[in-house]
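Everything below concerns the one structure shown next.
The values are calculated or read from the model by the stated rules, or taken from the named source; none is laboratory data. In this text the structure is predicted, and so the values were computed from the model without any measurement. Ideal geometry is used to build each Cβ from the backbone, glycine not excepted, and the neighbour counts take in all protein chains shown. Heads up: the accessible areas ignore ligands, DNA and RNA and are worked out on the full protein's heavy atoms, side chains in. Shrake-Rupley method; radii C 1.70, N 1.55, O 1.52, S 1.80 Å.
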Amino acid sequence: MLTERFCEELGLSAGSSSADLFLLIEQSGRDPLDGLLVTEEAREAALAFLRNISGYGVRVVKQLALTQQKYCKVQIDGETSPVLVALMKDCAEDLPTEMENLILLAILQDKFNFGSAWRDGPGGRVLKWRGETEGLAIVAEPLPHKREVARTVAALFSLEDAGFQLPVAPPSIAQSSSNINIGSPARHFSEVQGRLVFEAASVTHPKWRFLSLYRILENAYLRSIKEALLEEFDKDANKAVEDARKKLTSEINQLVNLMKSQKLDSQFIAFNDEFEKQLLQRNRYVTALDKTAELESGFGNRDVAVKAVVRFYKMRCSIAHAGTSSVIYEQLPDANAAVIDLLPAVEAIVHGSLNISLP
């Protein structure tokens, strides 16, 4: 049965069905659905689809990731009927018949909540649905509704009803600075460094922004160890090699070496101050990180900057790994909030490693 609004717009009697709608299209030659189901074959397929879809529930939600256009069937093991998904973009070109059917179902059930999409057209009213549906997704799933199925499908396509949000990191602190100094001697970026910095500044998710910034430090601390080895090798080869070996025994050691060689103590202390602030605010993610950091030998160091390095490294591990032996970023819902607040201090550390300062 068509909705009351749908019948009013097209001059159909209240209680009319989709078959009555198709009969109107055939007899009048009108195009009230703006190019949807314009052929007789498409309308016949749509009628068969509507007869067989009664055991489904339908919802329309937002796409949260990069908007795309596609139709997909998701077959759940043990289920007789698949979940149907239509991702909407501009819908300018011809659409697969199955996707047209799903769009029609959502339109007839008023799932798009079209308030002002009806326009006057040749011969009568036309539903201009294309521009109104961009960035949305139609999901039809067998009833009864199963939350675990809905969550899985929504997560696969980055849909709003997964129950998650896409957090956005603040702009890079360099982008808001009007005065930037590159220390002496001036360091020219290699192509690799340029790409690392560019991508870190471009990433919008806070955890991936952090990890992208950390990769710049990885590049920097290995370069620092190599430079020290080459510089000291001619003076005392054995000692130079042994020093390099010690630095390479763990990533924490490598970070500490970078901090000392680049004089980044104050930047790491600023990171630690913000970390302590998050602890006082009882952020669960930061608290969990601190418990794992306490197990590292460098945590009890009198040098606060070294303690900060340990905490910094544990944050990296929580993002880079998703095992069961440590903190997993996604396990704690307040992780994004903590990292967003910590990012300016992280960027300051990275800029320092590149000999860049923002007065």
Considering only residues that are under 30 Å from the mean Cα position of the chain (by Cα) and open to solvent by less than 20 Å² (accessible area, probe 1.4 Å), look in region 115-148 and name the one that is nearest to Gly78 (Cα to Cα).
Glu141
If you check every pair at least six apart or on different chains, which have Cβ atoms under 8 Å apart with a residue in region 259-279 that is farther than 12 Å from Lys307 by Cβ first and a residue that is open to solvent by 10 Å² or more (accessible area, probe 1.4 Å) and not in a helix (DSSP H, G or I) second?
Gln262/Asn355
Of the residues that sit in region 149-190 and are among the charged types (D, E, K, R) and modelled with pLDDT of 80 or more, which one is most open to solvent (accessible area, probe 1.4 Å)?
Arg151
Taking first residues from region 326-338 that are touching a residue at least 40 places away in the same chain (Cβ under 8 Å) and second residues anywhere that are open to solvent by less than 50 Å² (accessible area, probe 1.4 Å) and aromatic (Phe, Trp, Tyr), the pairs with Cβ under 8 Å that are 6 or more apart or on different chains are Val327/Tyr285; Tyr329/Tyr285; Leu332/Tyr285; Asp334/Tyr285; Ala335/Tyr285; Ala335/Tyr329; Ala338/Tyr285
I'd like the full set of residues that are under 41 Å from the mean Cα position of the chain (by Cα) and either hydrophobic (A, V, I, L, M, F, W, C) or under 15 Å from Lys111 (Cβ atoms) (or both), limited to region 2-17.
Leu2, Thr3, Arg5, Phe6, Cys7
Could you tell me whether region 66-74 includes any residue that is touching a Gly at 6+ places or on another chain (Cβ under 6 Å), under 18 Å from Cys91 (Cα atoms) and of a type in the set (Ser, Thr, Tyr)?
yes
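Would you point out which residue out of Glu93, Glu134, Glu98 is acidic (Asp, Glu), touching a Cys at 6+ places or on another chain (Cβ under 9 Å) and under 29 Å from Leu24 (Cβ atoms)? Spell out the reasoning first.
Numbers: Glu93 fails: touching a Cys at 6+ places or on another chain (Cβ under 9 Å); Glu98 fails: touching a Cys at 6+ places or on another chain (Cβ under 9 Å).
Unique residue meeting the criteria: Glu134.
Yes/no matrix, rows are residues, columns are (1) buried (at least 17 other Cβ atoms within 10 Å of the Cβ); (2) modelled with pLDDT of 90 or more; (3) touching a Pro at 6+ places or on another chain (Cβ under 6 Å):
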{"residue": "Leu2", "(1), (2), (3)": "yes, no, no"}
{"residue": "Ser28", "(1), (2), (3)": "no, no, no"}
{"residue": "Ser54", "(1), (2), (3)": "no, no, no"}
{"residue": "Gln63", "(1), (2), (3)": "yes, yes, no"}
{"residue": "Lys73", "(1), (2), (3)": "no, yes, yes"}
{"residue": "Val83", "(1), (2), (3)": "yes, yes, no"}
{"residue": "Leu87", "(1), (2), (3)": "yes, yes, no"}
{"residue": "Ala92", "(1), (2), (3)": "no, no, no"}
{"residue": "Leu105", "(1), (2), (3)": "yes, yes, no"}
Whichever residue in region 248-260 is open to solvent by 50 Å² or more (accessible area, probe 1.4 Å) and not β-branched (Val, Ile, Thr) and, among such residues, is nearest to Val327 (Cα to Cα)
Asn253
For region 195-206, does any single residue satisfy the condition of being under 30 Å from Val327 (Cβ atoms), surrounded by 12 or more Cβ atoms within 10 Å (Cβ to Cβ) and modelled with pLDDT under 75?
no
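For region 30-46, give me each residue that is crowded, with 16+ Cβ neighbours inside 10 Å and either polar (S, T, N, Q) or part of a helix (DSSP H, G or I) (or both). If you could, list the steps in order and put the result at the bottom.
Our first condition is that a residue be crowded, with 16+ Cβ neighbours inside 10 Å; within region 30-46, this holds for 30-34, 36-37, 42-43, 45-46.
Those that are crowded, with 16+ Cβ neighbours inside 10 Å and either polar (S, T, N, Q) or part of a helix (DSSP H, G or I) (or both): Ala42, Arg43, Ala45, Ala46.
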Of the residues that sit in region 278-325 and are surrounded by fewer than 15 Cβ atoms within 10 Å (Cβ to Cβ) and among the polar types (S, T, N, Q), which one is modelled with the highest pLDDT?
Gln281
Among (1) of a type in the set (A, V, I, L, M, F, W, C); (2) farther than 17 Å from Glu276 by Cβ; (3) open to solvent by 30 Å² or more (accessible area, probe 1.4 Å), which single condition is Ala337 missing?
(2)
